[in-house]
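*Asks:* My questions will all concern the structure given below.
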Amino acid sequence: MVIREELRELMETMAKGDLYDDDHPLLISQRRIVKKALEEYFGASEDEKQEKIKAVFAEVEGPATVIWPATVEYGMFTRIGKNFFANTGLIVFDNAPVTIGNNVRMGPNVHLLGSNHAIDPEERNDGAMFAKPITIGDDVWIGAGAMILGGVEIGKGSIIGAGSVVTRSIPPMSIAAGNPCRVIREITAADKRGWTKPVYKD
């Protein structure tokens, strides 16, 4: 994704967690740009998709797969590592940096919700918003319907159970679930089951 220079100052404000105007003309324009980029991605052939997805997000190390439909607020704050998979219904409100590591998999209807409305009702009614970053480490699996809120970091190798609402950071190599999401147990060597990927002949 090419970030327009006139957006940079506004992006710095958003990334710091300061209040910003959700109705700013530059943000309205960016939402339209990323919506069009997503439509082009979903309409592309399989051979074209890996190139088209680079227009949706700030950075994609690839390969990456997002199943239709999906919603991305801005795209300009989201960086994705290698071997990313998101099933149908992904929502990314990247009003602050969203960083997704390598080998991350997401079930259907996962929501990454970095943005929030102002707490004061007068400011909220006037369109003021703020956002916090979301960081997802390498090798994370996020179950169907999970919601990851702003300010959360999910550690390497962890699993987030289906339907969880993640309001606090989760340490590496943990299985966590619930609303609010809590660590159930660690992932250990005992979880290995001796799987070896088959080799298929042409």
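*Asks:* Of all beta bridges DSSP finds with both residues in the chain, what is the antiparallel percent, to the nearest 5? Can you show the working numbers first?
*Replies:* Details: 9 of 42 bridges.
Here the share of antiparallel DSSP bridges comes out near 20 percent.
*Asks:* Sticking with this structure for a sec: Within the range 100-202, report the chymotrypsin sites (Phe, Trp or Tyr not before Pro) that DSSP leaves as loop and that have at most 15 other Cβ atoms within 10 Å.
*Replies:* Those that pass, being in a loop and sparsely packed, are Trp195, Tyr200.
*Asks:* So how far apart, in nm, are the two label points at Ile91 and Arg193 if each is 7 Å from Cα heading toward Cβ?
*Replies:* Reported label-point gap for Ile91 and Arg193 is 3.2 nm.
*Asks:* Using 0.36 nm times the number of residues separating Glu122 and Arg79, minus their current alpha carbon distance, what extension gain do you get? Before the final figure, lay out the partial values.
*Replies:* Numbers: separation 43, 0.36 × 43 = 15.48 nm, distance 3.35 nm.
Stretched out fully, the Glu122 to Arg79 stretch lengthens by 12.1 nm.
*Asks:* At a threshold of 8 angstrom on Cα-Cα distance, excluding pairs fewer than six apart, so keeping six or more, what relative contact order does the chain reach in percent?
*Replies:* Values: 498 pairs, mean separation 27.5, N = 202.
In percent, rounded to a whole number, it is 14.
*Asks:* For the range 50-202, count the residues as N, evaluate 2.2 N^0.38 Å, and divide the Cα radius of gyration by that value, please. Could the numbers behind the result be given before it?
*Replies:* Details: Rg = 16.5 Å, N = 153, 2.2 N^0.38 = 14.9 Å.
Computed over Cα atoms of the range 50-202, the ratio equals 1.11.
*Asks:* On to the next question. Stretch Asn102-Gln50 to full length: gain in nm at 0.36 nm per residue minus the Cα-Cα span? Don't skip to the answer; put the middle values down first.
*Replies:* Numbers: separation 52, 0.36 × 52 = 18.72 nm, distance 1.57 nm.
Going from the current span to full extension adds 17.2 nm.
*Asks:* Would you please give the FRET efficiency between Ser29 and Thr167, computed as 1/(1 + (r/R0)^6) with r the Cβ-Cβ distance and R0 = 30 Å, to the nearest 0.05? Display every interim value, and only then the final one.
*Replies:* Working: r = 32 Å, r/R0 = 1.06.
E between Ser29 and Thr167, to the nearest 0.05, is 0.40.
*Asks:* Calculate for the chain the 222 nm mean residue ellipticity that helices alone would give, adding -39,500 (n - 2.57) per DSSP H run of length 4 or more and normalising by residue count, nearest 500 deg cm²/dmol. Don't skip to the end; give the middle numbers.
*Replies:* Numbers: 4 runs with 39 residues, N = 202.
Counting only the DSSP helices, I get -5500 deg cm²/dmol.
*Asks:* Sequence neighbours fewer than 8 away in the same chain don't count; with that in mind, list the aspartates and glutamates whose C-alpha is under 14 Å from Lys16.
*Replies:* The reachable aspartates and glutamates, counting only those whose Cα sits under 14 Å from Lys16, are Asp94.
*Asks:* Lys35: which lysines have alpha carbons under 24 Å from its alpha carbon, excluding same-chain residues fewer than 8 sequence positions away?
*Replies:* Within reach: Lys49, Lys52, Lys54, Lys82, Lys132.
*Asks:* Between the alpha-carbon centers of the range 1-32 and the range 179-202, tell me the distance in whole angstrom.
*Replies:* Using only Cα atoms to place each centre, the spacing works out to 39 Å.
*Asks:* Once both labels are modelled 7 Å past Cα along the beta-carbon direction, what's the Val183-Glu5 spacing in nm?
*Replies:* For the pair Val183/Glu5, the computed spacing is 4.7 nm.
Each reported figure results from applying straightforward, stated rules to the coordinates on display, with no laboratory input. Note that the structure is predicted; figures quoted are calculated from it, not measured. Cβ: placed from backbone, ideal geometry, glycine included. Neighbour counts: every protein chain shown.
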